[in-house]
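The values are calculated or read from the model by the stated rules, or taken from the named source; none is laboratory data. This is a predicted model, so every value here is computed, not measured. Cβ: placed from backbone, ideal geometry, glycine included. Neighbour counts: every protein chain shown. Keep in mind that these areas ignore ligands, DNA and RNA; they rest on the heavy atoms of the full protein, side chains included. Shrake-Rupley method; radii C 1.70, N 1.55, O 1.52, S 1.80 Å.
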Amino acid sequence: MARKSWGAASPEKRRPSIFWLMAGIAVPPLKLLFKYDVKGTLPATGPYILTPNHYSDIDPVVTGYGVWRLGRKPRFMAKASLFKIPVVGWLLHKSGQIPVERSRSRAKANSMNAANQIIELGGAVIVYPEGTLTREPDMWPMRGKTGAARLALQSGIPVIPIATWGAQAVVPRFQKKFKFRFRAPIKMIVGKPIDLSEFEGKHSSKRAIDGATDKIMREITALVEEIRGAKAPKELYDPAAHGQTEYGMPNEIKP
């Protein structure tokens, strides 16, 4: 499964940008911290949505570094308020990160604005469909939020699932402490684009959006099963059904 050569750099990565400076600072220590075992590749051109599993606070670093090494610029959908912070906002803007408002009432507008930016940039955007760290007791993917599916169905942008495993050894779930591990092993699989054709033209249908969301989460789960060599629970974990909060530090997880 391991590869010495990652992905060939895309045209967007070969062009000079703020990413070159950021990568020059971040990549050397990340090479010391992580040792990747990668399966799969990313398309070198064109817009698409990458949907990873989420089980550690360091996941964005792990996934972003992996995407960069696979030849694409990693972009995230970030809270709009972050773009108002001096220096931070400038870096987010210059690196092509996409601002979104968290308000539910603006979900559709956010989705289309994000889609337009992704298409304009011709790039890949990383969206965590769970919206937060999984509450599933054994860290399997849980039910997803509809943002990634809504974005895909409204815009026709492909969805590519990604799974990683191993980040919890560096930053355990629901813990803020960092555990330095020299060359901590990270397994990563990039899946094939998800076939959402059955939902095409139904972006205004709640049933279609929910169905697409469920399919995305199950595709991610299948990749995590491959990485872990084990079977996930048949049903996607629903935090509300187990008395769990979905944001912030959770209360005790109930079986």
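Condition test on LYS176, is it at pLDDT below 90 and in contact with an Asp or Glu (Cβ under 8 Å, 6 or more places away or on another chain)?
yes
Please go through segment 118-136 and pick out each residue that is open to solvent by 10 Å² or more (accessible area, probe 1.4 Å) and either within 15 Å of ALA149 (Cα to Cα) or under 11 Å from the mean Cα position of the chain (by Cα) (or both). First the steps, then the outcome.
The first filter runs over segment 118-136 and keeps only residues open to solvent by 10 Å² or more (accessible area, probe 1.4 Å), leaving 119-122, 127-128, 131-133, 136.
Across segment 118-136, the qualifying residues are VAL127, TYR128, GLY131, THR132.
Taking the condition within 26 Å of ILE194 (Cβ to Cβ), over 14 Å from the mean Cα position of the chain (by Cα) and not charged (D, E, K, R), does ALA44 pass?
yes
In the list PHE180, PHE199, PHE174, which residue meets the criterion of being in contact (Cβ under 8 Å) with a residue 40 or more places away in the chain and closer than 18 Å to PRO141 by Cα?
After applying the criteria, what remains is PHE174.
Among the residues of segment 138-157, which ones are surrounded by fewer than 22 Cβ atoms within 10 Å (Cβ to Cβ) and modelled with pLDDT of 95 or more?
Those that are surrounded by fewer than 22 Cβ atoms within 10 Å (Cβ to Cβ) and modelled with pLDDT of 95 or more: ASP138, MET139, TRP140.
Between residues in segment 6-26 that are open to solvent by 40 Å² or more (accessible area, probe 1.4 Å) and residues that are modelled with pLDDT of 80 or more and of a type in the set (Val, Ile, Thr), which pairs lie under 7 Å by C-beta distance while being six or more apart or on different chains?
Close Cβ pairs satisfying both conditions: PRO11/THR45.
Can you name every residue in segment 167-214 that is of a type in the set (A, V, I, L, M, F, W, C) and in a loop (DSSP other than H, G, I, E, B)?
Answer for segment 167-214, where residues must be of a type in the set (A, V, I, L, M, F, W, C) and in a loop (DSSP other than H, G, I, E, B): VAL170, VAL171, PHE174, PHE178, PHE180, PHE182, ILE194, LEU196.
How many residues does segment 229-247 hold that are part of a helix (DSSP H, G or I) and open to solvent by less than 70 Å² (accessible area, probe 1.4 Å)?
The total comes to 3.
Among the residues of segment 36-50, count how many are charged (D, E, K, R) and exposed (fewer than 15 other Cβ atoms within 10 Å of the Cβ).
0
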